[in-house]
Amino acid sequence: MSTARKLTPRGKCGRGPSRRLLPASAASRFFDAYEQADEATNTRARGWAVLRALSLIRIGQNGRLGLPEGKPTWEPAGYAALERVLAES
């Protein structure tokens, strides 16, 4: 069993969060260690990563505008995550 699989509950897809949270260099090492997933799993993970990246962007924009619950530092993280996901497509 790979290290990556041990870190995810019951071997479920942990690929979406890694696309958002890991720097590009670390993400590639993670995916190399992660066992090969089928195309449907990869597509689902990319979709979740896009949704979460858009959420980060929106929360960051709210923070920049001084709106409640906003966190301005999240916007650049969301754009970085979105760029990584789109680069993989």
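The values are calculated or read from the model by the stated rules, or taken from the named source; none is laboratory data. Keep in mind the model is a prediction, meaning the values are calculated, not measured. Heads up, the Cβs are rebuilt from the backbone with ideal geometry, glycines too, and the neighbour counts pull from every protein chain shown.
Write out, first by first residue and then by second, each pair whose Cβ atoms fall under 9 Å of each other, whose residues are 6+ apart or on separate chains, and whose first residue, in segment 37-60, is closer than 20 Å to residue 76 by Cβ while the second is assigned to a helix (DSSP H, G or I) and β-branched (Val, Ile, Thr).
49/85; 50/85; 53/85
Specify which of the listed residues (53, 27, 77, 37) is at pLDDT below 90, among the small types (Gly, Ala, Ser) and not in a loop (DSSP other than H, G, I, E, B).
27
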